[in-house]
1. Report K74's accessible area, 1.4 Å probe, all protein chains in place, as a number in Å² to the nearest 10.
2. Using modelled backbone amide H atoms (1.01 Å from N, in-plane), which distant-in-sequence or interchain residues come within less than 5 Å of A741's amide H?
3. Using only Cα atoms, what Kirkwood radius does segment 133-193 have, in angstroms?
4. Based on the Kirkwood radius over alpha-carbon pairs, what is the Stokes-Einstein translational diffusion coefficient of segment 678-718 at 20 °C with 1.002 mPa s viscosity, in µm²/s?
5. Just add up the charged neighbours of Y236: K/R +1, D/E -1, any other residue whose Cβ is under 11 Å from the Cβ of Y236.
6. Evaluate the relative contact order of segment 267-385 (contact order divided by residue number), counting alpha-carbon pairs under 8 angstrom at least 6 apart; express in whole percent.
7. Which value, in nm² and rounded to one decimal, describes the direction-averaged projected area of the C-alpha convex hull of segment 197-247?
8. So how far apart, in nm, are the two label points at D661 and Y91 if each is 7 Å from Cα heading toward Cβ?
Amino acid sequence: HGSTAPTLRGLDWVSRASQNLRVRAMGNAIPGAPRSTTRKVSQEGGMSLDQLTTMTTRKFRYGHRLSHLFKPSKLWEITTAVFFGTAVGQYSFLSIIALVLLIIGTIVWALASGGTADYDTSLDHSIWLSYTTFIDTGTQTGVSADQSEKVKFIVVVLSGLGFIFNLTFLSVVVDNVRTLLDRLYTRYSQLIVRDHVVILGWTSKTLFLVNELISMFDDNGGKGDIIIMGNSISRYEMLRTVELAFRRRNPPKPRGVRIRVWEGDSAEEDDLTRLSINTARFVVCLSQAEDPRMADAQVLETLLSLLSLDADDQVTGTVIAELRTSDGQNVVNELDHTSDEDVLGVQSAHAVHKVIAFNALRPGVGEALIELISFEGNNFFFENVDTTLIGMTFGELQHHFPLCVLCGVHSSKAKGAMSTEVLIAPSALRKVQPGDRLLLIAMDRRAIEDAGAEGKSTGCLPFNERAVVASGSSPAAKNTGRRDSVQAATAVRVRDIKQQPWLRQTVLIIGWRSAREMADLVRVLSKMLLPGSEIHFLSAVDEGVRSAALREEMGFLAALTDLAGGIVGGSNVTIEHHTGSPLSSEAVNRMPLKQAAVAIVIGDPNAVFNAEDLTTYTEGAARLRDARVFHINTLLRKAAPDLRIVPIFEDILTHRLITPDSPLVNHSEGAGYGLTAVIHRNSLETGLIAMQADDPTIVFVLSQLLTLDDASGQKIFSVPMDSAWADLEMGKLEGAAAQLAFRDVANRVQAFNGHVLIGYYDSRMGKVVLNPPGKKTRKREWLPTDELVLLRASVARARV
C-alpha cells in the first residue's frame, strides 16, 4: 500500500532476475572449473551476475531516493532552504509578502471603506490606493480630515504595513550591497606605497619594533610608512592597540611617519603582494611562537612565500628574518646564497642573552650596550667620508666631530677580507682612504652633519643629561645624605663585582623559559664566569624536566656531574636546580642570597604546567610574565637589599611604566641598597633588528662588541677610574688634577694604548653616560668610583 507496493514489486523483480541469470551462468560454466568462475562474464560477452545485481540494486535505490523526496517533511525542508537560504529565495519571499499585503489592502478598501471623493470602491481605484499607500507612506496625508474614521484607520494600517515592509526590504538590499562591496574590497584592495617598511607578524615584539622604526625615521630626518600585517587579531584591534601604545609617546611620533595595519597571512602570496612589497625598503619577518624551533619554522615559511613571488612582485629591498636558533641561521644563510633577494638572519635573542650577562656581571658595559642597541639614545652611525677629510689620520678626525665619538672605520676595499671590513678603534695613524666610511656614536644624524660649534644641536645631549646641563648641577647635588650613601653603596657594589676577578661568583636565575633559551643563557654566563662559580635555578617546573632539557640542549654537559648532583657547565661552572614557586618568599629565601652577586629574574606564567608547551604569543601571557617578574623582584629586594637584580620584562605596557630609574623597582629598606638593572628584552631584540635593517653593516660592529671568544680581549670593556689614572701616570686622583674634560681623558687613553673612550660610569648619578656633551670645554671631577667605558684597540700597544 502506498510506497510499500513499488518496493515489494521491485524486490520481486530483482529476485527473479537474479535466479534466471544464475541458472544461465551455471549452464555456461566450464565443467570442473571453480565455483567463482561461474560468476564471471558469459561467453556472449554479457555482464556477470555480480555486476547485474549491483546495477539493479542501484536503480532500486535511486528510485527509492526519488520517492523519499516527495514526503511532506522533505518538501518543507527543501522549500525553506530555497526561500530562506538563498538571496534569490529571500527576495522572492519578500515579493510574495508584498503581493499578499497589496491584495489584502485592495479587498479591505473595496469592501469596508465605502470610498472617498478621490477613490471609489472599484477594483482599479482599490488596487491603486492599496499600492500607493503601501509604497509611499506620504499618501495618507492626501486623505482629508473630514473623512470617516473607518477610512482613516484603513489608510493608517496600510501605510504602517508598507513602511515596515519597505524598511525590511531596503535593509536586505543594503546588506547585500555591503556584502558585495566587502567582497570586492577583499578581492581588490591593495596599499600603493613605496620606500616603506613592512612588518610581517603581530607578536610581542611588533610594537617595540614600530617604536624603534619611528626613532630611526626621526634620527634620519625623513618620512616613511610602517605597514604591519598580522592574522592573530582583527585589523581594528591592531589599529586600536597601535593608537593606544603611541598616543602618549615621548617624544611624540613625527607627522611624516604613518603607521598602517593590514589583516592577512604572511604565508599567503596574495596577501604579500597587496602590501606593495616589491617597492618596500626592507621587510621584517617576526614569529608568534614562543618555542625557538617553532618560531624559526614559522619564519622560514614566510621566507619561502616571499621567495616564491612572481618576478614582478619580488622583494627588491632587504629581508630581515628574526631567528632563534643557529640551525635556522644556517638555513637562512643558504637561502641568501641561492636566491636573488638579500636575506639577513638576525639571532637577536642570542645577542640579548649576552647583553643580559654583561648587565649581570659587568654592569658598566651592559648599560652602555643597552643604550647603543637602540635608536632612542646614542647609537652607531656610518658616515661617508668627505673629500676634504681624505688623507687625514684617525687621531686627527677625533676633533672633527665635536658632537660625536669616532669609533672606527668601514673599509670597502680591505685587503684580506671578503669584500668589507670594519675596524673598531684602529691605529691613530691610520689614514682615511677613498671609499671609507666612519663609524660614529651620536644621538642622531643631525649631530653628525652639524660639525660646527659644539652644543649647536640639541641632538648631542643625552636625554638624561639635558635637565642637568640646563640647571647647571647634577641630580646628586640635590639629594640628601641618605641618597648620597645609597649612591656610594651602589658604586662600590658595581665595582666589587667587576674588580674582583679572582673570586668565584654565584648567579641566581629565578624563572624558566624554553630549554633552548636557558641553555643559551647558561653558555654565555659560563664563558664570563670564573671556574668554580655557580648558577642556581629556581622554578616551579620539575627539576628532572629542567635538568633533562638542559642536558638535551647542551650535550657536552651530559657526562659532567659534580658530587652534589649538579650539572657542570662550561669553564667548570656548576649548575644547581631548586624546585619551588618563585612567587613564594619561602622558596626565594632557600636560595643562596648572601653568597650571590646577582639575580636574573625571568617570568614563566605557565611554569606550573610545562614551559615547553608555551608555543603561541598572547598579550595576556606577556603581561602575566611581567607581573610575576615584578613580584619576584620585590621579594628579592626585601630578602636581600644589597643584591644586584636584573629583572627582564617583555610587554609594551611595562616598558612605559617601569623605567631603569623607576622607584617601583629601585626602592630600598634599611641601610643596604642594591641596584636593579631593568631590561626590556623585546626592546633590545627589536633594536638590534632595526639597526641592522637600517644599515646591514652594523652586524659586523655588533658581532665584534658581543664576542666572548676574542683572544685579545672583549672589544668593549670598562676599567675603574683609579686604576686607569694610575696606569696613565697622572698623579693622584684628587683636587685640581681630577678636574679634566672628557676629551682630555680620551686623548691620554688613546695615546697610552690606542683604546677609544666612548663614555663613563658616573658614580654620582649611578648610570653610564655615553657621548657626553661638552667634551672639550666642560670639565668634571673624576672620582675613584667612576669607570671608563672603552673600545679596545685593534692592536693594543700597552697593557690594560
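1. My reading of the accessible area for K74 is about 60 Å².
2. Here the answer is R780, since their amide H atoms fall under 5 Å of that of A741.
3. 14.5 Å
4. 186 µm²/s
5. That works out to -1.
6. 20 percent
7. Details: hull surface 13.9 nm².
Result: a mean projected hull area of 3.5 nm².
8. Distance between label points: 7.0 nm.
The values are calculated or read from the model by the stated rules, or taken from the named source; none is laboratory data. Owing to the predicted nature of the structure, the values given are computational and were not obtained by experimental measurement. Neighbour counts are summed over all protein chains in view; Cβ atoms, including those assigned to glycine, are modelled from backbone coordinates with ideal geometry. Ligands, DNA and RNA are excluded from the accessible area calculation, which covers all protein heavy atoms including side chains. Shrake-Rupley method; radii C 1.70, N 1.55, O 1.52, S 1.80 Å.
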